[in-house]
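We did not get these values from a lab; they are worked out from the coordinates using the rules stated. Only a predicted model underlies this, so the values are computations on that prediction, with no experimental measurement involved. FYI the Cβ positions are ideal-geometry reconstructions off the backbone, even for glycines, and counts take in every protein chain you see.
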Amino acid sequence: MSSGIAVEVSARGIATVTLNRPERSNAFDQGMLNALAAQFAERAADAATRIVVLRGAGKHFCGGADLVARGMAPTPAAGQVSLVDALAALDRLPKPTVAVVHGAAVGGGAALVACCDIALATEAAFFSIPEVRVGMPPLGVAPFLIRAMGHRNFRRYGLSGERFSATEALRVRLAHEVVAADRLEQRLAEITDALLHAAPGAVREMKAAMEHDAAPSIDAVLARRASHGPPQSPEAREGVAAFKEKRKPGWYPR
């Protein structure tokens with residue numbers, strides 16, 4: 001199974017982690033989750049890494065979970081990484097993190113954005129949290145998105161699964177800036193340069209302090225995931241089947 005990511009580290013210590021399954025809109029499979037968690041751990045331990053930039057290859061940032069991928073189970077097998085594990089590793093990474101979003105940031109893809117310290121989006125980027133539409137409430141990703149968007153905004157989009165624009169993502173605090181596509185690389189360079197002015201030790205201490213003060217705590221998220229069974233409800237089975245068969249789910253009024 002391929003890792004599904006590509007990594008490049010510049011001489012200035014900027015590690016660019018690229019989701020690299022463009023043929024699947026960078027939807028994550030088990031291999032990608034394993035690779036992401038391992039890469040985040042490696043970047044956290046590497047003193048030479050100053051900044052981590054997360055972006056996607058091809059047309060989209062991340063299309064969420066690949067529901068048709070082989071080996072992609074609702075609950076990972078022993079020794080495999082869950083989406084929540086990968087999100088927690090990114091959220092806790094003691095280096096500044098920047099999400100660069102173009103195209104879709106859907107479901108777990110939107111949660112990856114929420115876990116980054118800074119989020120840039122192109123004007124054509126779009127977001128959604130559509131898990132309820134396939135019968136699986138997004139319990140694992142919800143705390144990360146709530147911390148970024150706030151309860152009120154998450155209630156709207158977590159319950160409806162609606163697609164929303166980059167401008168709306170800015171309004172609901174999921175994105176920090178919306179940038180024209182032809183200015184994206186320049187703006188990213190400006191932001192990473194600003195981050196490089198910050199002392200690494202001070203950044204590490206600041207991120208630890210922010211994690212301590214954040215609510216809900218990630219430890220609570222991990223504990224709840226461990227106690228919550230896999231999404232095997234009739235709704236979840238019907239939702240995944242409808243997605244695979246490219247049809248409306250049974251609960252959609254005809």
- Distance check, please: which entries in Lys95/Lys246; Lys59/Lys244; Lys59/Lys248; Lys59/Lys95 exceed 29 angstrom between their Cα atoms? Lys95/Lys246
- What does the charge dipole of the chain about its Cα centre add up to, to the nearest 20 debye, if the Cβ of each Lys and Arg holds +1 and the Cβ of each Asp and Glu holds -1? 720
- Query: Over the chain, what relative contact order in percent results from Cα pairs under 8 Å that are six or more residues apart?
  - Reply: 17
- For the chain, longest principal axis from Cα atoms; helix 151-160 axis from its Cα atoms; angle between them, nearest 10 degrees, is 40
- Note on the structure: The exposure ranking of Ser25, Ser233, fewest beta-carbon neighbours within 10 Å first, is Ser233, Ser25
- Query: How would you rank 6-12, 168-174, 82-88, highest first, on the average number of other Cβ atoms within 10 Å across their residues?
  - Reply: 82-88, 168-174, 6-12
- Query: Against the longest principal axis of the chain, how steep is helix 30-45, in degrees 0 to 90 to the nearest 10, with axes from Cα atoms?
  - Reply: 20
- Note on the structure: If amide H atoms are modeled at 1.01 Å from N in the peptide plane, then the residues at a separation of 5 or more from Ala105, or on another chain, having amide H under 5 Å from its own are Cys62, Phe126, Phe127, Ser128
- Task: For the chain, report the convex hull volume of the alpha-carbon atoms normalised per residue, in Å³, without decimals.
- Result: 127
- Query: Pairing the Cα long axis of helix 200-213 with the longest principal axis of the chain, what angle in degrees results, from 0 to 90 and rounded to the nearest 10?
  - Reply: 40
- Query: Which order do Val68, Val101 fall in if you start with the one that has the fewest other Cβ atoms within 10 Å?
  - Reply: Val68, Val101
- Message: Please arrange Phe164, Phe61 by how many other C-beta atoms lie within 10 Å of their C-beta, fewest to most.
- Response: Phe164, Phe61
